[in-house]
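S.K.: One structure is given below, represented as structure tokens, and several questions about it will come after.
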Number of protein chains: 2
Amino acid sequence: MADTGTTTPRERYRAQVRTEIKDHAWGQIASAGASALSLNAIAKQMGMSGPALYRYYASRDELITELIRDGYRSLADTFQAAAAPGADLTALAHALRRWALDHPQRYFLLYGTPVPGYHAPDDTTAISSEIMATLLDACVALADSPSERSEVSPATSFAAHLADHRQWAGDHPAPPAALHRALAFWTRMHGVLSLELAGHFTGMSFDPEQLFAAELDGLLAGGAGLPAGP
Amino acid sequence: MADTGTTTPRERYRAQVRTEIKDHAWGQIASAGASALSLNAIAKQMGMSGPALYRYYASRDELITELIRDGYRSLADTFQAAAAPGADLTALAHALRRWALDHPQRYFLLYGTPVPGYHAPDDTTAISSEIMATLLDACVALADSPSERSEVSPATSFAAHLADHRQWAGDHPAPPAALHRALAFWTRMHGVLSLELAGHFTGMSFDPEQLFAAELDGLLAGGAGLPAGP
DNA sequence: TCACGGGCGTTAGAACTTATAACGAACGGC
DNA sequence: GCCGTTCGTTATAAGTTCTAACGCCCGTGA
């Protein structure tokens, strides 16, 4: 898009095959998890023989890396789409939940057990920053809303810590309280979603969505959401 | 322990080899993750040839299952040890954090990305209940503490839901508010620990322990812990 | 004390996997 | 239309899990 619009037929064909490979890869990941992803199986599904795929991806890890990149891209897009009207934290949470429930294995590919040796390339961390920026926008908007204006930020001790360690927010003009809320949003939503998707709630009879909603409520109210607050 | 105390030398030898296999397995998991666990490599480390291990574990999955069982057992034990004095939620949180940071891959083996086809055996879910019972004790104790007595449980809507869906708590006499707090404890601590252990905070400059402490504070205060509460 | 049986470790082999090397064919730019 | 780059092939190497068949040796029972 940024470079020359002239794409040779070869490049177009190559790009098409690469996306077809990724499509089959996502299919395998959805059904058996990322660890069971097999280049050989993908090749057979596409009617080619194994080593042919190495013309398109140098290794299994390179393919997975691109899948991770696409996953982050997809999450960043749905986040921005959900934040379109006015950057609502509730809309973000619901979009995140739907995105995660839609493709659990994709969620785990991004936020699940890390491969010990693997190091994320720079562009994926760039997309992460994009996601975080959208989240920070929503947190700032929430803090500016009428129901929140009544109180001066009590500046929790962690918010004070963040005031001195905010480089991860880039040059985003969010106050420390918003930074704290964004991190709490991330970790709490992930806490519920991760355990739910992993099936740790299956034996238990309650509705995970209601737990998710309760955590979101606590986040929006800025502290409420748990019983018996003194 | 429950059956005859007379163990034949063969049984003793067998048990010893099984634990030696598991020791090597933990070593591999700690260094390269559970997905890279190789029975062949373990056999070589022990000076045996590959198929010999199949006399002790029918399959790689059976070995991993036993590792998971041992992992749950270890967590349940440290939880009970931490709760020994008076079932303090703070002590539980710190014990959990130390336990997780000590062996990150062990934590992920229990709470990380699940294997799609895998179904946990009954005894591991039994140990999970044991862990949950210890957590519920601490939550009840917190609710009975002086600082919490001032208020009648506001009964969040999720707590109301739990009042009707509490079978997972077994016959534990915890009120719905305590059930809610226990689940929030679980998901929030897991949210921070999981992302921290996976390295999602590494690029960011803040101290994950302070975020963990902030989430714990919010849990103890029953709602505070986030800035700008209305 | 001796013999027998069962548990244990071995090697061989099947069916997989990722990945490399070498070869032939086909497609596209000049 | 030629010629070169790229693509897909087969062959091969080095792994993996797991089964099968064989032999040894330890420990139990007589």
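S.K.: At what distance in nm do the modelled label points of residue B:74 and residue B:55 sit from each other, each positioned 7 Å from its Cα along Cα→Cβ?
M.R.: Distance between label points: 2.7 nm.
S.K.: Over chain A, average the accessible area per residue using a 1.4 Å probe and give it in Å², no decimals.
M.R.: I get 47 Å² per residue for chain A.
S.K.: Let me ask something else about it. List the accessible area buried at the contact between B and A, summed over both sides and calculated with a 1.4 Å probe, in Å² to the nearest 100.
M.R.: Summing both sides, the interface buries roughly 5500 Å².
S.K.: Could you grab the relative contact order for chain A? Cα pairs under 8 Å, six or more apart, rounded to a whole percent.
M.R.: Computed value for chain A: 15 percent relative contact order.
S.K.: Continuing with the same structure: Pull up the cross-link candidates among the lysines for residue B:22, meaning alpha carbon to alpha carbon under 22 Å and not fewer than 8 places away within one chain.
M.R.: Those lysines meeting the cut-off are B:44.
S.K.: Right, next: To the nearest 0.05, how large is the calculated FRET efficiency for residue A:119 and residue B:11 if R₀ is 51 Å and r is the Cβ-Cβ distance?
M.R.: E between residue A:119 and residue B:11, to the nearest 0.05, is 0.65.
S.K.: How long are the semi-axes of the ellipsoid equivalent to the range A:65-221, from square roots of 5 times the Cα gyration tensor eigenvalues, in whole Å, largest first?
M.R.: 25, 21, 15
S.K.: Also: Ignoring ligands, DNA and RNA, what percent of the accessible area of chain A is carbon or sulfur (1.4 Å)?
M.R.: Heavy-atom surface of chain A belonging to carbon and sulfur, 1.4 Å probe: 54 percent.
S.K.: Now for a separate question. Full-extension gain between residue B:20 and residue B:41, please, as 0.36 nm times their residue separation minus the C-alpha to C-alpha distance.
M.R.: In short, 6.2 nm is gained.
S.K.: Hey, what D do you get for the range B:1-57 in µm²/s if you plug the Kirkwood alpha-carbon radius into Stokes-Einstein at 37 °C and 0.692 mPa s?
M.R.: 265 µm²/s
S.K.: Taking Cα atoms of the protein assembly as shown, Rg/Rh with Kirkwood Rh, to two decimals?
M.R.: Here the Rg-to-Rh quotient is 1.00.
The values are calculated or read from the model by the stated rules, or taken from the named source; none is laboratory data. Since the model is a prediction, treat every value here as computed from it, not as a measurement. Don't worry about glycine lacking a Cβ; one is built from the backbone with ideal geometry, like all the others, and counts go over all protein chains shown. When the accessible area is computed, the model is the full protein with side chains, heavy atoms only, and any ligands, DNA or RNA have been set aside. Shrake-Rupley method; radii C 1.70, N 1.55, O 1.52, S 1.80 Å.
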